[in-house]
Amino acid sequence: MAHYLIDTNCFVLCYQFDQKYKALKDLVFSPENTIHILEICIPEVISIFYKKHFGEGKISYDEMRDMVNQFIIDIRANKFMIHPVMNREIIKTDEIWKRAENTFKELVKTEHSFLGAIDAILLALAINLSETKGIKNDFIFITNDTHLYLTAKSFGVNVKNIKDI
């Protein structure tokens, strides 16, 4: 059994109707895998579904409602291991932001982006899971965010970009 922490944007892709991310969907919904999610990402995922309809007009109202409903059904069915935002995740955020800033400037050579608060807390959870006995050898963090990917790598987290799934 493998353990995966999925960032919010990748998680959203699992509920879209196209087959572009079939490998990711198969990974997330396989009963053989444990999928970890940070509790604060739950309203963030739902907000993105709403934005795709109301803000961007990319999906119909019915599609948006179906995605929200299925996501809530999956949450209630305990398909995912939900991690509360606790001090153990928040403690490392200053260190994470400092390393993220240095990593991003060195590797990506731009100053137009930054690691947000939720991503920093998510990365703290990834670091904790990657150090947890019984999980660390079977743990992968999956992201679609270059900055988050590079920062996770700089912390030694086993991380994959969604394109590599």
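So, of the residues in region 29-51 that are part of a helix (DSSP H, G or I), touching a residue at least 40 places away in the same chain (Cβ under 8 Å) and in contact with a helix residue (DSSP H, G or I) (Cβ under 8 Å, 6 or more places away or on another chain), which turns out to be nearest to Leu123 (Cα to Cα)?
Applying the first criterion (part of a helix (DSSP H, G or I)) to region 29-51 yields 29, 41-51.
Among the residues that remain, those that are also touching a residue at least 40 places away in the same chain (Cβ under 8 Å) are: 29, 41-42, 44, 48.
Now narrow it down to the ones that are in contact with a helix residue (DSSP H, G or I) (Cβ under 8 Å, 6 or more places away or on another chain): 41-42, 44, 48.
Values: Cys41: 12, Ile42: 16, Glu44: 16, Ile48: 20 Å.
So, considering only residues that are part of a helix (DSSP H, G or I), touching a residue at least 40 places away in the same chain (Cβ under 8 Å) and in contact with a helix residue (DSSP H, G or I) (Cβ under 8 Å, 6 or more places away or on another chain), the one nearest to Leu123 (Cα to Cα) is Cys41.
Quick one: which helices (runs of 4 or more DSSP H) lie wholly within region 72-165 and hold at least 2 residues that are at pLDDT below 75 and in contact with a Ser or Thr (Cβ under 9 Å, 6 or more places away or on another chain)?
On the way: elements: 87-90, 93-107, 117-130, 146-154.
Per the criteria, 93-107.
Starting from region 149-165, keep only residues that are touching a residue at least 12 places away in the same chain (Cβ under 8 Å), then list their pairs with residues that are surrounded by fewer than 18 Cβ atoms within 10 Å (Cβ to Cβ) and among the small types (Gly, Ala, Ser) whose Cβ atoms are within a distance under 8 Å, requiring at least 6 positions of separation or different chains.
Ile165/Ala23
From the residues in region 14-28 that are surrounded by 17 or more Cβ atoms within 10 Å (Cβ to Cβ), in contact (Cβ under 8 Å) with a residue 40 or more places away in the chain and assigned to a helix (DSSP H, G or I), which one is nearest to the chain's Cα centre (by Cα)?
Restricting attention to region 14-28, the residues satisfying the condition of being surrounded by 17 or more Cβ atoms within 10 Å (Cβ to Cβ) are 14-15, 21, 24, 27-28.
Next cut, in contact (Cβ under 8 Å) with a residue 40 or more places away in the chain only: 15, 21, 24, 27.
With assigned to a helix (DSSP H, G or I) added as a condition, the list becomes 24, 27.
Numbers: Leu24: 12, Leu27: 14 Å.
Among those that are surrounded by 17 or more Cβ atoms within 10 Å (Cβ to Cβ), in contact (Cβ under 8 Å) with a residue 40 or more places away in the chain and assigned to a helix (DSSP H, G or I), it is Leu24.
Of the residues Ser154, Ser130, only one is within 20 Å of Glu39 (Cβ to Cβ), surrounded by 14 or more Cβ atoms within 10 Å (Cβ to Cβ) and among the polar types (S, T, N, Q); which?
On the way: Ser154 fails: within 20 Å of Glu39 (Cβ to Cβ).
Every option except Ser130 fails the conditions.
Do we find that Phe11 is without any contact (Cβ under 8 Å) to a residue 60 or more places away in the chain, hydrophobic (A, V, I, L, M, F, W, C), out of contact with any Pro (no Cβ under 8 Å at 6 or more places or on another chain) and within 19 Å of Ser130 (Cβ to Cβ) in this structure?
Details: without any contact (Cβ under 8 Å) to a residue 60 or more places away in the chain: yes; hydrophobic (A, V, I, L, M, F, W, C): yes; out of contact with any Pro (no Cβ under 8 Å at 6 or more places or on another chain): yes; within 19 Å of Ser130 (Cβ to Cβ): yes.
Answer is yes for this residue.
Can you name the condition, by its number, that Met1 falls short on among (1) aliphatic (A, V, I, L, M); (2) under 16 Å from Ala77 (Cβ atoms); (3) assigned to a loop (DSSP other than H, G, I, E, B)?
(2)
The values are calculated or read from the model by the stated rules, or taken from the named source; none is laboratory data. In this text the structure is predicted, and so the values were computed from the model without any measurement. With ideal geometry, Cβ positions are generated from the backbone for all residues, glycine too; neighbour counts draw on all protein chains shown.
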